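A.B. asks: After the structure tokens below, expect a handful of questions from me.
The values are calculated or read from the model by the stated rules, or taken from the named source; none is laboratory data. Computed from a predicted structure; not experimentally measured. Reconstructed Cβ throughout: ideal geometry from the backbone, glycine too, with neighbour counts over all protein chains shown. Please note that ligands, DNA and RNA were not included when accessible areas were found on the heavy atoms of the full protein model with its side chains. Shrake-Rupley method; radii C 1.70, N 1.55, O 1.52, S 1.80 Å.
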Amino acid sequence: MPTNGSASPQHSAAKCFPWKNEVELTWTMPDGTAVKERTFTRSVSANGALLQMRFFWKDLPYLGEVDLRNISSGKSARMRVVAIRPTAAGRLADVTVKFV
């Protein structure tokens, strides 16, 4: 019998929606240097967020953990960097982070 295309509870995808909000990422480099960058979310979901980073995206620990703080609420969460995609010009990058 054909299905109607609706997602089953076993196969539900997280819904993403556009949301621009200022956040601050903080992480520690292997040499112990603390790095901090303010940026904005492009979209968010229950699992994480897509950020557009301008300055220190090349220094992010790919598959490593960072602290993300919401500037407006002050709340923080530990996140894992799961994707870093430079833009065509190479000056910005779309960074995907997920909750740890």
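A.B. asks: Anything in region 57-75 that is under 21 Å from Gly32 (Cα atoms) and in a strand (DSSP E or B)? List them, or say none.
C.D. replies: Residues satisfying the conditions are Glu65, Val66, Asp67, Leu68, Arg69.
A.B. asks: Mind telling me which of the residues Ser43, Ser72 ends up being open to solvent by 30 Å² or more (accessible area, probe 1.4 Å), closer than 24 Å to Lys15 by Cβ and of a type in the set (Gly, Ala, Ser)? Break it down into steps so the answer makes sense when it comes.
C.D. replies: Numbers: Ser43 fails: open to solvent by 30 Å² or more (accessible area, probe 1.4 Å).
Only one candidate qualifies: Ser72.
A.B. asks: Among the listed residues Ala46, Ala83, identify the single one that is assigned to a loop (DSSP other than H, G, I, E, B) and at negative phi.
C.D. replies: It is Ala46.
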